[in-house]
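The values are calculated or read from the model by the stated rules, or taken from the named source; none is laboratory data. What you are looking at is a predicted structure, and each value in this text was computed from that prediction instead of being measured. Reconstructed Cβ throughout: ideal geometry from the backbone, glycine too, with neighbour counts over all protein chains shown. For accessibility, only protein heavy atoms count, side chains too; no ligands or nucleic acids. Shrake-Rupley method; radii C 1.70, N 1.55, O 1.52, S 1.80 Å.
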Amino acid sequence: MRSYDTLYIGGSWTPSSDDARIEVISPHTERVIATVPDCTPADMDRAVAAARAAADRSGWPTTSVAERLALLERLAVVYEQRLPEMAEVVSAEMGSPISFSQVGQAGAALVILRAMIAVGRSFEVTEQRSGMLNPTVTIRREPVGVVGAIVPWNVPQIVTMAKLAPALVAGCTVVLKCAPESPLDAFLLFEMLDEVGFPPGVVNLVPGGREVGAHLVRHPDVDKIAFTGSTAAGRAIAAVCGETLKRCSLELGGKSAAVVLDDADMSSLPVGLKFASMINSGQACTNQTRIFASRKRYAEVVEAVVTMLNTMKVGDPSDPATEIGPMVSERQQQRVEKYIALGQEEGAKLAFGGTGRPPGLSTGWYVRPTVFADATNEMRISQEEIFGPVLSVIPYADEEEAIALANASEYGLAASVWTSDTAHGAEVAARLRSGTVGINNYSAEFLAPFGGYKCSGIGREFGREGLEEYVELKTVFPSPPELSASPFR
Ligand code: NAD
(Lines give C-alpha, C1' and ligand atoms only; values in the text may rest on other atoms or scores of the structure.)
Protein backbone atom coordinates (compact mmCIF):
# COMPACT_ATOMS: atom_id res chain seq x y z
CA MET A 1 0.00 0.00 0.00
CA ARG A 2 1.14 3.53 -0.76
CA SER A 3 2.07 5.98 2.02
CA TYR A 4 1.36 9.71 1.69
CA ASP A 5 3.43 12.64 2.96
CA THR A 6 1.15 15.53 2.18
CA LEU A 7 -2.43 16.76 2.66
CA TYR A 8 -4.73 18.13 0.01
CA ILE A 9 -5.52 21.78 0.74
CA GLY A 10 -6.44 24.61 -1.62
CA GLY A 11 -6.01 22.53 -4.76
CA SER A 12 -2.52 21.16 -4.10
CA TRP A 13 -0.67 18.55 -2.07
CA THR A 14 0.96 20.35 0.85
CA PRO A 15 3.00 19.23 3.90
CA SER A 16 1.45 19.01 7.38
CA SER A 17 2.58 21.51 10.02
CA ASP A 18 3.88 18.57 12.09
CA ASP A 19 5.88 15.36 11.58
CA ALA A 20 3.36 13.11 13.37
CA ARG A 21 2.15 10.12 11.33
CA ILE A 22 -0.89 7.86 11.42
CA GLU A 23 0.09 4.20 11.03
CA VAL A 24 -2.41 2.21 9.01
CA ILE A 25 -2.41 -1.37 10.27
CA SER A 26 -3.72 -4.36 8.35
CA PRO A 27 -6.45 -6.02 10.45
CA HIS A 28 -5.44 -9.35 8.85
CA THR A 29 -1.64 -9.32 9.36
CA GLU A 30 -1.52 -6.79 12.24
CA ARG A 31 1.38 -5.12 10.39
CA VAL A 32 1.78 -1.48 9.40
CA ILE A 33 0.95 -1.22 5.70
CA ALA A 34 1.26 2.55 5.17
CA THR A 35 1.47 5.88 6.95
CA VAL A 36 -0.15 9.27 6.37
CA PRO A 37 0.21 12.64 8.11
CA ASP A 38 -1.59 12.98 11.45
CA CYS A 39 -2.96 16.47 11.06
CA THR A 40 -2.99 19.25 13.59
CA PRO A 41 -5.57 21.95 14.33
CA ALA A 42 -3.26 24.33 12.39
CA ASP A 43 -3.63 22.11 9.30
CA MET A 44 -7.38 22.13 9.81
CA ASP A 45 -7.36 25.94 10.03
CA ARG A 46 -5.56 26.09 6.68
CA ALA A 47 -8.03 23.69 5.08
CA VAL A 48 -11.05 25.60 6.40
CA ALA A 49 -9.51 28.89 5.23
CA ALA A 50 -9.08 27.44 1.72
CA ALA A 51 -12.67 26.13 1.69
CA ARG A 52 -13.97 29.47 3.04
CA ALA A 53 -12.09 31.43 0.39
CA ALA A 54 -13.48 29.17 -2.35
CA ALA A 55 -17.01 29.54 -0.94
CA ASP A 56 -16.81 33.33 -0.57
CA ARG A 57 -14.44 34.59 -3.20
CA SER A 58 -14.28 32.07 -6.05
CA GLY A 59 -17.00 31.65 -8.62
CA TRP A 60 -17.67 28.04 -7.51
CA PRO A 61 -21.00 28.57 -5.67
CA THR A 62 -22.41 30.45 -8.66
CA THR A 63 -21.15 28.14 -11.42
CA SER A 64 -24.05 26.53 -13.22
CA VAL A 65 -25.28 23.18 -11.96
CA ALA A 66 -24.41 21.82 -15.42
CA GLU A 67 -20.74 22.83 -14.97
CA ARG A 68 -20.57 21.19 -11.57
CA LEU A 69 -22.23 18.04 -12.89
CA ALA A 70 -19.71 17.89 -15.74
CA LEU A 71 -16.88 17.71 -13.20
CA LEU A 72 -18.72 15.01 -11.25
CA GLU A 73 -19.28 13.05 -14.46
CA ARG A 74 -15.52 13.17 -15.08
CA LEU A 75 -15.00 11.95 -11.52
CA ALA A 76 -17.34 9.02 -12.21
CA VAL A 77 -15.25 8.03 -15.23
CA VAL A 78 -11.97 8.20 -13.28
CA TYR A 79 -13.54 6.41 -10.31
CA GLU A 80 -14.74 3.56 -12.47
CA GLN A 81 -11.23 3.12 -13.91
CA ARG A 82 -9.71 2.93 -10.44
CA LEU A 83 -12.53 0.97 -8.80
CA PRO A 84 -10.60 -2.32 -8.40
CA GLU A 85 -7.73 -0.39 -6.79
CA MET A 86 -10.14 1.38 -4.46
CA ALA A 87 -11.71 -1.93 -3.40
CA GLU A 88 -8.26 -3.35 -2.60
CA VAL A 89 -7.30 -0.28 -0.58
CA VAL A 90 -10.48 -0.43 1.52
CA SER A 91 -10.03 -4.15 2.19
CA ALA A 92 -6.37 -3.71 3.10
CA GLU A 93 -6.90 -0.83 5.53
CA MET A 94 -10.09 -1.93 7.33
CA GLY A 95 -10.44 -5.63 6.58
CA SER A 96 -13.66 -5.70 4.58
CA PRO A 97 -13.94 -8.93 2.51
CA ILE A 98 -12.84 -8.08 -1.04
CA SER A 99 -16.11 -9.37 -2.54
CA PHE A 100 -17.94 -6.79 -0.40
CA SER A 101 -15.38 -4.03 -1.05
CA GLN A 102 -15.82 -4.37 -4.80
CA VAL A 103 -19.60 -4.16 -4.74
CA GLY A 104 -20.58 -2.73 -1.37
CA GLN A 105 -17.75 -0.28 -0.70
CA ALA A 106 -16.10 1.11 -3.86
CA GLY A 107 -18.88 -0.12 -6.17
CA ALA A 108 -21.60 1.44 -4.01
CA ALA A 109 -19.69 4.73 -3.80
CA LEU A 110 -19.68 4.94 -7.60
CA VAL A 111 -23.41 4.22 -7.72
CA ILE A 112 -23.99 6.94 -5.10
CA LEU A 113 -22.02 9.38 -7.25
CA ARG A 114 -24.01 8.48 -10.36
CA ALA A 115 -27.31 8.65 -8.46
CA MET A 116 -26.46 12.15 -7.18
CA ILE A 117 -25.52 13.25 -10.71
CA ALA A 118 -28.97 12.03 -11.84
CA VAL A 119 -30.65 13.92 -8.98
CA GLY A 120 -28.59 17.01 -9.85
CA ARG A 121 -29.94 17.02 -13.40
CA SER A 122 -33.34 18.07 -12.11
CA PHE A 123 -31.96 20.46 -9.48
CA GLU A 124 -33.45 23.91 -10.03
CA VAL A 125 -31.57 26.73 -8.34
CA THR A 126 -34.45 29.14 -8.81
CA GLU A 127 -38.17 28.47 -8.65
CA GLN A 128 -41.03 30.91 -9.22
CA ARG A 129 -44.02 30.42 -6.95
CA SER A 130 -47.39 32.21 -6.87
CA GLY A 131 -47.86 33.92 -3.53
CA MET A 132 -50.80 35.00 -1.35
CA LEU A 133 -49.38 38.46 -0.74
CA ASN A 134 -47.25 38.75 -3.86
CA PRO A 135 -48.14 37.73 -7.40
CA THR A 136 -44.95 35.65 -7.52
CA VAL A 137 -41.92 35.09 -5.35
CA THR A 138 -38.58 33.60 -6.34
CA ILE A 139 -37.16 30.78 -4.26
CA ARG A 140 -33.43 30.28 -4.57
CA ARG A 141 -31.62 27.12 -3.53
CA GLU A 142 -28.17 28.32 -2.55
CA PRO A 143 -25.24 26.28 -1.29
CA VAL A 144 -25.01 26.08 2.48
CA GLY A 145 -21.32 27.12 2.28
CA VAL A 146 -18.34 25.35 3.85
CA VAL A 147 -19.13 21.74 4.79
CA GLY A 148 -17.08 19.82 7.34
CA ALA A 149 -17.51 16.13 6.48
CA ILE A 150 -16.50 13.66 9.17
CA VAL A 151 -16.59 9.94 8.36
CA PRO A 152 -15.98 6.60 10.10
CA TRP A 153 -13.85 3.64 9.02
CA ASN A 154 -16.48 0.98 8.34
CA VAL A 155 -17.84 2.01 4.93
CA PRO A 156 -15.55 4.98 4.33
CA GLN A 157 -16.14 5.51 0.61
CA ILE A 158 -19.93 5.15 0.84
CA VAL A 159 -20.26 7.71 3.59
CA THR A 160 -17.72 10.08 2.01
CA MET A 161 -19.45 10.02 -1.38
CA ALA A 162 -22.84 10.42 0.33
CA LYS A 163 -21.61 13.84 1.54
CA LEU A 164 -19.18 14.95 -1.15
CA ALA A 165 -21.44 14.39 -4.17
CA PRO A 166 -24.50 16.36 -2.95
CA ALA A 167 -22.29 19.09 -1.43
CA LEU A 168 -20.58 19.60 -4.81
CA VAL A 169 -23.85 19.49 -6.78
CA ALA A 170 -25.25 22.18 -4.48
CA GLY A 171 -22.10 24.35 -4.89
CA CYS A 172 -20.65 23.92 -1.40
CA THR A 173 -16.97 23.55 -0.57
CA VAL A 174 -15.80 20.62 1.54
CA VAL A 175 -13.20 19.77 4.18
CA LEU A 176 -13.08 15.99 4.68
CA LYS A 177 -11.82 14.55 7.98
CA CYS A 178 -11.41 10.84 7.38
CA ALA A 179 -11.06 8.25 10.16
CA PRO A 180 -7.54 7.45 11.35
CA GLU A 181 -8.14 3.71 10.85
CA SER A 182 -8.96 4.15 7.15
CA PRO A 183 -7.33 7.19 5.56
CA LEU A 184 -5.91 5.48 2.44
CA ASP A 185 -9.18 5.35 0.50
CA ALA A 186 -9.63 9.09 1.11
CA PHE A 187 -6.16 9.78 -0.32
CA LEU A 188 -6.94 7.69 -3.39
CA LEU A 189 -10.22 9.57 -3.85
CA PHE A 190 -8.39 12.89 -3.59
CA GLU A 191 -5.90 11.77 -6.25
CA MET A 192 -8.96 11.36 -8.48
CA LEU A 193 -10.47 14.71 -7.45
CA ASP A 194 -7.12 16.35 -8.22
CA GLU A 195 -6.99 14.66 -11.62
CA VAL A 196 -10.51 15.89 -12.43
CA GLY A 197 -9.44 19.41 -11.47
CA PHE A 198 -11.93 20.97 -9.09
CA PRO A 199 -11.16 24.66 -8.47
CA PRO A 200 -8.68 25.30 -5.60
CA GLY A 201 -10.25 25.06 -2.14
CA VAL A 202 -13.43 23.30 -3.27
CA VAL A 203 -12.27 19.95 -1.86
CA ASN A 204 -9.77 19.55 0.98
CA LEU A 205 -8.51 16.50 2.87
CA VAL A 206 -7.32 16.54 6.48
CA PRO A 207 -6.79 13.11 8.08
CA GLY A 208 -6.61 12.95 11.86
CA GLY A 209 -8.17 11.82 15.08
CA ARG A 210 -11.18 13.08 16.97
CA GLU A 211 -9.41 16.21 18.31
CA VAL A 212 -8.91 17.48 14.78
CA GLY A 213 -12.52 16.49 14.05
CA ALA A 214 -13.71 18.44 17.11
CA HIS A 215 -11.69 21.44 15.92
CA LEU A 216 -13.52 21.26 12.57
CA VAL A 217 -16.91 21.07 14.30
CA ARG A 218 -16.19 24.13 16.45
CA HIS A 219 -14.61 26.15 13.65
CA PRO A 220 -16.50 29.44 13.17
CA ASP A 221 -15.85 29.43 9.40
CA VAL A 222 -17.64 26.11 8.85
CA ASP A 223 -21.33 26.41 7.97
CA LYS A 224 -22.42 22.78 8.22
CA ILE A 225 -21.20 19.50 9.68
CA ALA A 226 -22.10 16.30 7.86
CA PHE A 227 -21.25 13.47 10.23
CA THR A 228 -21.43 9.70 10.12
CA GLY A 229 -20.29 7.75 13.15
CA SER A 230 -21.32 6.56 16.57
CA THR A 231 -24.31 7.95 18.44
CA ALA A 232 -22.00 9.00 21.30
CA ALA A 233 -19.85 11.16 18.99
CA GLY A 234 -22.99 12.39 17.21
CA ARG A 235 -24.40 13.65 20.52
CA ALA A 236 -21.16 15.54 21.28
CA ILE A 237 -21.10 17.04 17.77
CA ALA A 238 -24.79 17.99 17.84
CA ALA A 239 -24.25 19.75 21.19
CA VAL A 240 -21.51 21.93 19.68
CA CYS A 241 -23.59 22.56 16.55
CA GLY A 242 -26.50 23.53 18.80
CA GLU A 243 -24.33 25.97 20.72
CA THR A 244 -22.92 27.55 17.56
CA LEU A 245 -26.18 27.14 15.57
CA LYS A 246 -24.32 25.34 12.84
CA ARG A 247 -26.33 23.18 10.45
CA CYS A 248 -25.67 19.49 10.96
CA SER A 249 -26.78 16.17 9.59
CA LEU A 250 -26.04 13.04 11.57
CA GLU A 251 -25.95 9.41 10.44
CA LEU A 252 -25.45 7.41 13.62
CA GLY A 253 -25.59 3.95 15.11
CA GLY A 254 -28.16 1.20 14.86
CA LYS A 255 -29.42 -1.92 16.62
CA SER A 256 -31.83 -2.96 13.97
CA ALA A 257 -34.58 -5.57 14.05
CA ALA A 258 -35.47 -8.37 11.66
CA VAL A 259 -39.04 -9.44 12.44
CA VAL A 260 -39.65 -13.02 11.27
CA LEU A 261 -43.41 -13.64 11.13
CA ASP A 262 -44.92 -17.09 11.48
CA ASP A 263 -45.59 -17.46 7.75
CA ALA A 264 -42.00 -16.65 6.69
CA ASP A 265 -40.19 -18.94 4.28
CA MET A 266 -37.48 -20.40 6.51
CA SER A 267 -35.55 -21.88 3.58
CA SER A 268 -34.78 -18.43 2.12
CA LEU A 269 -34.04 -16.81 5.49
CA PRO A 270 -30.32 -17.77 5.68
CA VAL A 271 -29.57 -16.14 2.31
CA GLY A 272 -31.71 -13.07 2.99
CA LEU A 273 -30.24 -12.45 6.43
CA LYS A 274 -26.69 -12.55 5.08
CA PHE A 275 -27.16 -9.10 3.62
CA ALA A 276 -29.62 -7.89 6.23
CA SER A 277 -27.62 -8.89 9.30
CA MET A 278 -24.05 -9.73 8.49
CA ILE A 279 -22.57 -7.45 5.81
CA ASN A 280 -19.08 -6.04 6.26
CA SER A 281 -18.26 -8.71 8.88
CA GLY A 282 -21.02 -7.32 11.10
CA GLN A 283 -19.49 -3.83 11.02
CA ALA A 284 -22.37 -2.04 9.30
CA CYS A 285 -24.79 0.42 10.85
CA THR A 286 -27.81 -1.20 9.15
CA ASN A 287 -27.15 -4.79 10.26
CA GLN A 288 -30.22 -6.36 11.81
CA THR A 289 -28.70 -7.94 14.86
CA ARG A 290 -31.95 -8.40 16.81
CA ILE A 291 -33.85 -11.21 15.13
CA PHE A 292 -37.39 -11.65 16.44
CA ALA A 293 -38.94 -15.11 16.13
CA SER A 294 -42.31 -16.34 17.40
CA ARG A 295 -42.21 -18.99 20.11
CA LYS A 296 -44.05 -21.31 17.68
CA ARG A 297 -41.22 -21.30 15.12
CA TYR A 298 -38.40 -20.22 17.39
CA ALA A 299 -36.23 -23.34 16.99
CA GLU A 300 -36.51 -23.16 13.19
CA VAL A 301 -35.40 -19.52 13.11
CA VAL A 302 -32.41 -20.22 15.37
CA GLU A 303 -31.50 -23.11 13.10
CA ALA A 304 -31.76 -20.92 9.98
CA VAL A 305 -29.52 -18.23 11.51
CA VAL A 306 -26.97 -20.81 12.66
CA THR A 307 -27.03 -22.39 9.19
CA MET A 308 -26.33 -19.01 7.65
CA LEU A 309 -23.27 -18.35 9.86
CA ASN A 310 -22.04 -21.91 9.50
CA THR A 311 -21.80 -21.50 5.73
CA MET A 312 -19.98 -18.15 5.78
CA LYS A 313 -16.21 -18.39 5.28
CA VAL A 314 -14.20 -16.46 7.87
CA GLY A 315 -10.67 -15.38 6.96
CA ASP A 316 -8.30 -13.35 4.80
CA PRO A 317 -10.23 -10.38 3.40
CA SER A 318 -8.29 -10.54 0.12
CA ASP A 319 -9.65 -14.05 -0.57
CA PRO A 320 -12.68 -13.73 -2.89
CA ALA A 321 -14.39 -16.60 -1.04
CA THR A 322 -14.23 -14.81 2.34
CA GLU A 323 -17.55 -13.53 3.67
CA ILE A 324 -16.46 -12.49 7.17
CA GLY A 325 -13.12 -10.74 7.66
CA PRO A 326 -11.35 -9.46 10.76
CA MET A 327 -12.54 -6.60 12.97
CA VAL A 328 -10.99 -3.26 12.03
CA SER A 329 -8.73 -2.97 15.08
CA GLU A 330 -7.61 -4.76 18.21
CA ARG A 331 -9.85 -2.42 20.20
CA GLN A 332 -12.86 -3.42 18.13
CA GLN A 333 -11.97 -7.12 18.44
CA GLN A 334 -11.80 -6.78 22.23
CA ARG A 335 -15.07 -4.87 22.33
CA VAL A 336 -16.87 -7.62 20.39
CA GLU A 337 -15.29 -10.32 22.58
CA LYS A 338 -16.50 -8.50 25.70
CA TYR A 339 -20.04 -8.48 24.37
CA ILE A 340 -19.88 -12.20 23.57
CA ALA A 341 -18.82 -12.86 27.17
CA LEU A 342 -21.47 -10.43 28.46
CA GLY A 343 -24.26 -12.22 26.58
CA GLN A 344 -23.42 -15.44 28.41
CA GLU A 345 -23.29 -13.61 31.76
CA GLU A 346 -26.70 -12.08 31.00
CA GLY A 347 -28.15 -15.58 30.52
CA ALA A 348 -28.41 -15.85 26.75
CA LYS A 349 -27.53 -19.24 25.30
CA LEU A 350 -24.71 -19.66 22.78
CA ALA A 351 -26.24 -21.33 19.72
CA PHE A 352 -23.11 -20.79 17.63
CA GLY A 353 -19.64 -19.30 18.11
CA GLY A 354 -18.39 -17.83 21.38
CA THR A 355 -15.27 -16.07 22.60
CA GLY A 356 -11.80 -16.86 21.22
CA ARG A 357 -10.26 -16.97 17.78
CA PRO A 358 -11.89 -18.75 14.87
CA PRO A 359 -10.02 -21.99 14.14
CA GLY A 360 -6.95 -21.70 11.87
CA LEU A 361 -6.46 -17.94 12.30
CA SER A 362 -3.54 -17.26 14.61
CA THR A 363 -3.02 -13.61 13.62
CA GLY A 364 -5.46 -10.89 12.70
CA TRP A 365 -8.25 -9.28 14.70
CA TYR A 366 -10.76 -12.02 14.12
CA VAL A 367 -13.73 -12.98 16.27
CA ARG A 368 -15.98 -16.00 16.02
CA PRO A 369 -19.33 -15.23 14.38
CA THR A 370 -21.82 -15.78 17.18
CA VAL A 371 -25.55 -16.40 17.64
CA PHE A 372 -27.28 -16.03 20.97
CA ALA A 373 -30.57 -17.89 21.51
CA ASP A 374 -32.98 -17.24 24.38
CA ALA A 375 -31.93 -13.59 24.45
CA THR A 376 -34.33 -10.93 25.72
CA ASN A 377 -34.73 -7.48 24.23
CA GLU A 378 -33.75 -5.92 27.57
CA MET A 379 -30.28 -7.50 27.66
CA ARG A 380 -27.37 -5.19 26.92
CA ILE A 381 -26.39 -7.43 23.97
CA SER A 382 -29.80 -6.59 22.48
CA GLN A 383 -29.77 -2.87 23.26
CA GLU A 384 -26.18 -1.77 22.61
CA GLU A 385 -24.48 -1.61 19.23
CA ILE A 386 -21.81 -4.36 19.24
CA PHE A 387 -20.60 -3.73 15.67
CA GLY A 388 -19.39 -7.24 14.96
CA PRO A 389 -20.80 -10.58 13.72
CA VAL A 390 -22.97 -11.20 16.80
CA LEU A 391 -26.72 -11.84 16.54
CA SER A 392 -29.44 -12.30 19.16
CA VAL A 393 -32.56 -14.33 18.39
CA ILE A 394 -35.34 -13.01 20.63
CA PRO A 395 -38.65 -14.88 21.12
CA TYR A 396 -42.05 -13.15 20.95
CA ALA A 397 -45.58 -14.30 21.80
CA ASP A 398 -47.57 -12.59 19.03
CA GLU A 399 -47.15 -10.02 16.27
CA GLU A 400 -48.14 -7.09 18.50
CA GLU A 401 -45.37 -8.01 20.91
CA ALA A 402 -42.89 -8.44 18.03
CA ILE A 403 -43.59 -4.90 16.79
CA ALA A 404 -43.43 -3.44 20.30
CA LEU A 405 -40.11 -5.19 20.99
CA ALA A 406 -38.63 -4.18 17.62
CA ASN A 407 -39.51 -0.56 18.45
CA ALA A 408 -38.17 -0.84 22.02
CA SER A 409 -34.71 0.49 21.15
CA GLU A 410 -33.11 3.91 21.26
CA TYR A 411 -32.13 3.35 17.62
CA GLY A 412 -34.23 3.31 14.44
CA LEU A 413 -32.04 3.00 11.37
CA ALA A 414 -33.00 -0.19 9.53
CA ALA A 415 -35.43 -3.11 9.86
CA SER A 416 -36.91 -5.99 7.92
CA VAL A 417 -40.08 -8.07 7.97
CA TRP A 418 -40.08 -11.68 6.78
CA THR A 419 -43.44 -13.09 5.67
CA SER A 420 -45.17 -14.88 2.77
CA ASP A 421 -47.91 -12.21 2.84
CA THR A 422 -46.12 -9.19 1.39
CA ALA A 423 -49.16 -6.90 1.74
CA HIS A 424 -49.24 -7.68 5.43
CA GLY A 425 -45.45 -7.21 5.52
CA ALA A 426 -45.99 -3.65 4.27
CA GLU A 427 -48.50 -3.03 7.10
CA VAL A 428 -45.97 -4.21 9.66
CA ALA A 429 -43.24 -2.13 7.97
CA ALA A 430 -45.42 0.97 8.41
CA ARG A 431 -45.51 0.37 12.17
CA LEU A 432 -41.75 0.01 12.63
CA ARG A 433 -40.03 3.21 13.81
CA SER A 434 -37.12 2.97 11.46
CA GLY A 435 -35.77 5.05 8.57
CA THR A 436 -35.58 2.07 6.21
CA VAL A 437 -37.47 -1.24 6.19
CA GLY A 438 -37.10 -4.23 3.87
CA ILE A 439 -39.73 -6.88 3.17
CA ASN A 440 -38.19 -10.35 2.78
CA ASN A 441 -34.84 -8.65 2.16
CA TYR A 442 -32.83 -5.64 3.13
CA SER A 443 -31.49 -3.63 0.26
CA ALA A 444 -30.06 -0.22 -0.59
CA GLU A 445 -31.44 2.50 -2.87
CA PHE A 446 -29.32 5.56 -3.54
CA LEU A 447 -32.16 7.51 -5.16
CA ALA A 448 -34.28 7.21 -2.01
CA PRO A 449 -33.70 8.85 1.38
CA PHE A 450 -31.66 6.97 3.96
CA GLY A 451 -31.31 7.90 7.61
CA GLY A 452 -32.39 7.24 11.13
CA TYR A 453 -35.34 7.69 13.45
CA LYS A 454 -34.57 8.44 17.11
CA CYS A 455 -30.91 8.20 18.16
CA SER A 456 -29.88 6.83 14.75
CA GLY A 457 -29.60 10.32 13.38
CA ILE A 458 -30.97 13.58 12.10
CA GLY A 459 -31.43 14.28 8.39
CA ARG A 460 -31.27 12.06 5.33
CA GLU A 461 -28.68 11.08 2.74
CA PHE A 462 -29.23 10.06 -0.91
CA GLY A 463 -31.89 11.10 -3.38
CA ARG A 464 -33.45 14.56 -3.62
CA GLU A 465 -33.68 14.73 0.16
CA GLY A 466 -29.93 14.10 0.48
CA LEU A 467 -29.20 17.03 -1.82
CA GLU A 468 -31.54 19.37 0.08
CA GLU A 469 -29.34 18.91 3.18
CA TYR A 470 -26.67 21.04 1.43
CA VAL A 471 -29.00 23.84 0.39
CA GLU A 472 -30.05 27.10 2.05
CA LEU A 473 -33.45 28.40 0.91
CA LYS A 474 -33.79 32.07 0.10
CA THR A 475 -37.10 33.73 -0.77
CA VAL A 476 -36.85 36.88 -2.89
CA PHE A 477 -39.88 39.19 -2.98
CA PRO A 478 -40.45 40.95 -6.26
CA SER A 479 -40.36 44.68 -6.70
CA PRO A 480 -44.02 45.72 -6.00
CA PRO A 481 -46.03 47.30 -8.80
CA GLU A 482 -47.10 49.97 -6.32
CA LEU A 483 -46.22 50.42 -2.65
CA SER A 484 -49.76 49.79 -1.41
CA ALA A 485 -49.93 46.35 -3.04
CA SER A 486 -49.21 44.48 0.16
CA PRO A 487 -50.96 45.06 3.51
CA PHE A 488 -47.60 44.46 5.19
CA ARG A 489 -45.86 47.38 3.50
P1 NAD B 1 -16.83 7.27 15.80
O2 NAD B 1 -18.03 8.05 16.18
O3 NAD B 1 -15.91 6.85 16.87
O4 NAD B 1 -15.93 8.09 14.74
C5 NAD B 1 -16.44 8.53 13.51
C6 NAD B 1 -15.62 9.70 13.02
O7 NAD B 1 -15.82 10.81 13.87
C8 NAD B 1 -14.11 9.46 13.02
O9 NAD B 1 -13.55 10.14 11.92
C10 NAD B 1 -13.68 10.09 14.34
O11 NAD B 1 -12.31 10.50 14.32
C12 NAD B 1 -14.61 11.29 14.41
N13 NAD B 1 -14.95 11.77 15.75
C14 NAD B 1 -15.19 11.03 16.88
N15 NAD B 1 -15.57 11.85 17.89
C16 NAD B 1 -15.59 13.10 17.39
C17 NAD B 1 -15.91 14.38 17.95
N18 NAD B 1 -16.29 14.52 19.23
N19 NAD B 1 -15.84 15.47 17.16
C20 NAD B 1 -15.49 15.35 15.86
N21 NAD B 1 -15.14 14.18 15.28
C22 NAD B 1 -15.21 13.06 16.04
O23 NAD B 1 -17.37 6.02 14.96
P24 NAD B 1 -16.56 4.80 14.33
O25 NAD B 1 -16.23 3.83 15.38
O26 NAD B 1 -15.48 5.33 13.46
O27 NAD B 1 -17.69 4.19 13.34
C28 NAD B 1 -18.63 3.28 13.72
C29 NAD B 1 -19.96 3.96 14.01
O30 NAD B 1 -20.45 4.63 12.84
C31 NAD B 1 -21.05 2.98 14.39
O32 NAD B 1 -21.77 3.48 15.48
C33 NAD B 1 -21.93 2.92 13.15
O34 NAD B 1 -23.26 2.53 13.39
C35 NAD B 1 -21.83 4.32 12.65
N36 NAD B 1 -22.20 4.40 11.23
C37 NAD B 1 -23.41 4.93 10.88
C38 NAD B 1 -23.79 4.98 9.54
C39 NAD B 1 -25.11 5.58 9.13
O40 NAD B 1 -25.28 5.87 7.95
N41 NAD B 1 -26.04 5.79 10.04
C42 NAD B 1 -22.93 4.50 8.55
C43 NAD B 1 -21.70 3.96 8.94
C44 NAD B 1 -21.35 3.92 10.29
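All told, SER318 falls short of being at pLDDT below 95, more than 16 Å from the ligand (Cβ to nearest atom) and among the polar types (S, T, N, Q). If we keep just the residues of the stretch 122-142 that are open to solvent by less than 30 Å² (accessible area, probe 1.4 Å) and at pLDDT 95 or above, which is farthest from SER479 (Cα to Cα)? So, considering only residues that are open to solvent by less than 30 Å² (accessible area, probe 1.4 Å) and at pLDDT 95 or above, the one farthest from SER479 (Cα to Cα) is PHE123. Scoring PHE198 on the criteria (1) hydrophobic (A, V, I, L, M, F, W, C); (2) more than 9 Å from the ligand (Cβ to nearest atom); (3) touching a Ser or Thr at 6+ places or on another chain (Cβ under 7 Å); (4) not in a strand (DSSP E or B) leaves a single failure, condition (3).
Restricting attention to the stretch 99-118, report how many residues are open to solvent by less than 20 Å² (accessible area, probe 1.4 Å) and β-branched (Val, Ile, Thr). Even if it seems obvious, please write down each step before you answer.
Pass one, the stretch 99-118, residues open to solvent by less than 20 Å² (accessible area, probe 1.4 Å): 101, 104-110, 112-113, 115-117.
Still in the running and β-branched (Val, Ile, Thr): 112, 117.
The qualifying residues number 2.
Per-residue answers, yes or no, for (1) hydrophobic (A, V, I, L, M, F, W, C); (2) under 26 Å from the mean Cα position of the chain (by Cα); (3) more than 17 Å from VAL174 (Cβ to Cβ):
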residue: TRP13; (1), (2), (3): yes, no, no
residue: VAL24; (1), (2), (3): yes, yes, yes
residue: GLU30; (1), (2), (3): no, yes, yes
residue: ILE33; (1), (2), (3): yes, yes, yes
residue: VAL36; (1), (2), (3): yes, yes, yes
residue: ASP43; (1), (2), (3): no, yes, no
residue: ARG46; (1), (2), (3): no, no, no
residue: ALA66; (1), (2), (3): yes, no, yes
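Looking across the stretch 1-53, the residues that are under 24 Å from VAL328 (Cα atoms) and basic (Lys, Arg) come down to ARG2, ARG21, ARG31.
Of all residue pairs spaced 6 or more apart or on separate chains, those with beta-carbon atoms under 7 Å, a first member in the stretch 366-390 that is under 21 Å from ALA402 (Cβ atoms) and a second member that is surrounded by fewer than 19 Cβ atoms within 10 Å (Cβ to Cβ) and of a type in the set (S, T, N, Q) are SER382/THR376.
Being within 16 Å of the ligand (Cβ to nearest atom) and free of Cβ contacts under 8 Å to residues at least 24 places away in the same chain is a property that GLN334 has. Taking the numbered list (1) assigned to a helix (DSSP H, G or I); (2) in contact with a Pro (Cβ under 8 Å, 6 or more places away or on another chain); (3) within 16 Å of the ligand (Cβ to nearest atom) in turn, PRO326 passes all entries but (1). Applying the criterion of at least 3 residues that are open to solvent by 10 Å² or more (accessible area, probe 1.4 Å) and more than 16 Å from the ligand (Cβ to nearest atom) to the helices (runs of 4 or more DSSP H) found wholly in the stretch 206-297 leaves 269-278.
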